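The values are calculated or read from the model by the stated rules, or taken from the named source; none is laboratory data. This is a predicted model, so every value here is computed, not measured. Cβ placement follows ideal geometry from the backbone for every residue including glycine, while neighbour counts extend to all protein chains displayed. When the accessible area is computed, the model is the full protein with side chains, heavy atoms only, and any ligands, DNA or RNA have been set aside. Shrake-Rupley method; radii C 1.70, N 1.55, O 1.52, S 1.80 Å.
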Amino acid sequence: MLEILKESLLTCPMVKREKDGVVYNYFIHPITDGIPAVTAELLRDVTAAMLKSLDLKNVDKIVVSEAMGIHIGTALTLATGIPFVVIRKREYRLPGEVVIGQETGYSKGNLYMNCVNKGDRVVIIDDVISTGGTIKGILPALKIAGAELVDILFVVNRGSPDIGIPYKTLVTIDVDENGVKIIDSAF
Ligand SMILES: O=P(O)(O)OC[C@H]1O[C@H](OP(=O)(O)OP(=O)(O)O)[C@H](O)[C@@H]1O
Ligand SMILES: Nc1nc2[nH]cnc2c(=O)[nH]1
């Protein structure tokens, strides 16, 4: 399990990104970017590991954020029958919409959470955790909505940030100019 994920990380394309004069080695991977192509084998590998790792008992909803939470959310919903809801970068102004401030290593803006209801038991899954800025915005939004957080999982962990509560990751990586190194793996 996770062999396909690990091998694809070790061989994925790299580019350099720059923010405020700091150059950042950026890995490009099907799960985190949709590039190179997302294969069925990779999605099955990741889905099997999510199923093994996550506590899904009596969970009402899987919560993902756009864009790169959507394909793993789709896969987990197909595997479990549990519906997923997408935290969007677009505002809908539905009653009960919760606005989330998001700050990552290279972006700042708002996210909008709809249709997570009082008493919902939810799990959050996302493609990658890096600074933890996104999840730290989502956690108070779940409280505002009155949802109960059951579990959190990130497929790729780059940075192991402290977010104040425990979370699960499938693969922990380090990245330098030579590419990705696998530091730890759930399976
Ligand atoms: O731990 P953090 O530093 O917050 O980074 C993780 C977040 O960054 C990426 O999303 P991004 O906002 O780049 O949007 P995308 O999914 O559309 O690429 C990723 O999908 C996570 O949601
Ligand atoms: N795809 C991708 N997402 C990231 N999030 C934080 N660092 C990275 C990276 O190097 N690549």
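Some points to look at:
- Residue check: V98 meets all listed conditions (1) β-branched (V, I, T); (2) over 17 Å from the mean Cα position of the chain (by Cα); (3) within 16 Å of ligand 1 (Cβ to nearest atom) but one, namely (3).
- Considered as a group, the residues in region 10-45 that are among the basic types (K, R) and out of contact with any strand residue (DSSP E or B) (no Cβ under 7 Å at 6 or more places or on another chain) include one that is least open to solvent (accessible area, probe 1.4 Å), and that residue is K19.
- Selection of first residues in region 9-22 that are of a type in the set (K, R) and of second residues that are open to solvent by 90 Å² or more (accessible area, probe 1.4 Å) and part of a loop (DSSP other than H, G, I, E, B), restricted to Cβ pairs under 6 Å at least 6 apart or on distinct chains, gives the following pairs, ordered by first then second residue: K19/Y106.
- Scanning region 119-126 turns up at least one residue that is within 22 Å of G81 (Cβ to Cβ) and near ligand 1 (Cβ under 8 Å from one of its atoms).
- Counted residues, region 46-60 - those being open to solvent by 50 Å² or more (accessible area, probe 1.4 Å) and part of a helix (DSSP H, G or I): 2
- For region 93-141, a residue qualifies if it is touching a residue at least 60 places away in the same chain (Cβ under 8 Å) and within 17 Å of G69 (Cα to Cα), and the qualifying residues are V122, V123, I124, I125, D126, D127, V128, T134, I138.
- Residue-level check: of (1) under 20 Å from L54 (Cβ atoms); (2) open to solvent by 80 Å² or more (accessible area, probe 1.4 Å); (3) in a strand (DSSP E or B), L78 misses just (3).
- When restricted to residues that are within 16 Å of ligand 2 (Cβ to nearest atom) and either over 22 Å from Y167 (Cβ atoms) or assigned to a strand (DSSP E or B) (or both), region 112-141 contains 5.
- Set L111, L94: member being out of contact with any His (no Cβ under 6 Å at 6 or more places or on another chain), surrounded by 19 or more Cβ atoms within 10 Å (Cβ to Cβ) and at pLDDT 95 or above: L111
- Tabulated pairs, region 29-46, first over 21 Å from T80 (Cβ atoms) and touching a residue at least 24 places away in the same chain (Cβ under 8 Å), second of a type in the set (D, E, K, R) and not in a helix (DSSP H, G or I), C-beta under 6 angstrom, 6+ apart or interchain: T32/D127
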